[in-house]
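The values are calculated or read from the model by the stated rules, or taken from the named source; none is laboratory data. Worth saying up front: this structure is predicted, and the values here are computed from it rather than measured. Neighbour counts run over all protein chains shown; Cβ positions are idealised from the backbone, glycine included. Accessible surface is based on the protein model in full, side chains and every heavy atom, while ligands, DNA and RNA are left aside. Shrake-Rupley method; radii C 1.70, N 1.55, O 1.52, S 1.80 Å.
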Amino acid sequence: MPALKEGSKAPAFKMTTQTGDVVSLKDYAGAPLVLYFYPKDDTPGCTTQACSFRDNVPKFKKSKAAILGVSRDTVDKHVKFANKYDLNFPLAADEDGTVTEKYGVWVEKSLYGKKYMGIERTTFLIDADGKIAKIWNKVKVAGHAEDVLEAVNAL
């Protein structure tokens, strides 16, 4: 599958969130969507990132933008993670990896010389028409939510 580029159509998806709702790309049509992929619930970087988005939700709402976090964790793990940190946006479970594959974020990683497959922390800003407006690859967590908000406000 060719790598996604800014300006290309966002791949369709359907996933279950921690609230039990099934969400799809179509559900977000007509407003911007911040679709962010993260490696694992309740790990230091992922927690910092989720809490940063949580704290900025009111600012994103002013811009009519929705936030959707995605990992390959189970719905049950998402429930625990969202409850533990009072997350105020949905976390979608891509347990079979279909969506992470479509978005090209399931990649070979390396830690202490060991190679393994995992999610590369990546954020996609999808515009109201379903096109990818901006992509952040290999996201550094510090200041990321603010960078995304700036891009949302520029749409």
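Structure data summary
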{"read-out": "Length-normalised contact order of segment 67-155 in % [C-alpha pairs under 8 Å, at least 6 apart]", "value": "18"}
{"read-out": "Two-decimal log10 I(q)/I(0) for the chain, as the Debye equation yields it once each C-alpha is a single scatterer, q = 0.13, 0.17, 0.20 Å⁻¹", "value": "-0.54, -0.97, -1.40"}
{"read-out": "At R0 = 30 Å, FRET efficiency that the Cβ-Cβ distance of D129 and E95 yields, to 0.05", "value": "0.55"}
{"read-out": "Whole-number accessible area per residue in Å² for the chain, which is evaluated in the context of all protein chains at 1.4 Å", "value": "53"}
{"read-out": "Under the span-like rule (Cα at least 18 Å along the axis, Kyte-Doolittle mean at least -1.0), DSSP H helices of the chain", "value": "44-62"}
{"read-out": "Accessible surface of the chain [probe 1.4 Å, protein heavy atoms]: carbon and sulfur percent", "value": "53"}
{"read-out": "Cα-centre dipole for segment 1-141 with unit charges at Cβ (Lys and Arg positive, Asp and Glu negative), debye to 20", "value": "440"}
{"read-out": "Overall form of segment 70-135 per C-alpha gyration tensor (a/c, 1.5; a/b vs b/c)", "value": "oblate"}
{"read-out": "Amide proton proximity set for K134, modelled H, under 5 Å, gap of 5+", "value": "L125"}
{"read-out": "For segment 11-28, 3J(HN,Hα) per residue [Karplus equation, 6.51 cos²θ - 1.76 cosθ + 1.60, θ = phi - 60°, Hz, x = Gly/Pro]", "value": "x, 5, 8, 8, 9, 9, 9, 5, 8, x, 6, 9, 10, 9, 4, 4, 4, 9"}
{"read-out": "Nonlocal amide H pairs with K109, under 5 Å, H built at 1.01 Å", "value": "Y116, M117, G118"}
{"read-out": "Charge-dipole axis of the chain as Lys and Arg at +1 and Asp and Glu at -1 on Cβ define it, positive-most pick from P58, T122, G20", "value": "T122"}
{"read-out": "Relative contact order computed over the chain (Cα-Cα under 8 Å; 6+ residues apart), in percent", "value": "32"}
